[in-house]
1. When Glu63 is evaluated against the numbered criteria (1) surrounded by fewer than 10 Cβ atoms within 10 Å (Cβ to Cβ); (2) at pLDDT 90 or above, which criterion, by number, is the only one it fails?
2. Can you find even one residue in the stretch 8-15 that is modelled with pLDDT of 85 or more, assigned to a helix (DSSP H, G or I), small (Gly, Ala, Ser) and farther than 30 Å from Thr130 by Cβ?
Amino acid sequence: MTAESKPYNSGGGGIRILSRFLQAVIMVVVLALFFLFARIASVVLLHLFVAARALRLRRRSSEGAGSGLSRADLKRIPCFSFRGGGDRAGSDSGCAVCLEGFKKGDRCRVLPGCRHCYHKGCVDKWLVRTRACPLCRSCVSVGGSERGRSRPDGPICVWFEVM
């Protein structure tokens, strides 16, 4: 019996070496997959954190502008009738809310601070919902103070900015 079992034992050492090598390869692959999935999970979590923070900041910034102006505040913002050529708004300018040009006789409103000009009806509907300028998003304050002033005085009423 010992002679028959001897050939069987002689091949066992090579199988053990192969088995250990195969175990090492499998462990390396498993560890590599673990670190790959850990990296993917960290990137996804970082993205979710950044997106949630951006959403919180957007909500926080819109809360201040979310409450619109009252009708009494709207009446305190000056209006004028558009006269054409030499008026406060140029003849080629238009209302950024409705995207129509100003015509002679249109009732217009110039916002304090940024001095952007709009049709009275268009900007009134806008300002009842939010107190931010439709074009530059600066806060529209109707008090006597000109704290929000971002543009110098001048005849230009509508600015188109490329961002």
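The values are calculated or read from the model by the stated rules, or taken from the named source; none is laboratory data. If you're wondering where the values come from, they're calculated on a predicted model, not measured in any experiment. When we count neighbours, we look across all protein chains shown, and the Cβ atoms used for this are built from the backbone with ideal geometry, even at glycine.
1. Going through (1) surrounded by fewer than 10 Cβ atoms within 10 Å (Cβ to Cβ); (2) at pLDDT 90 or above one by one, Glu63 breaks only (2).
2. No, every residue in the stretch 8-15 fails to be modelled with pLDDT of 85 or more, assigned to a helix (DSSP H, G or I), small (Gly, Ala, Ser) and farther than 30 Å from Thr130 by Cβ.
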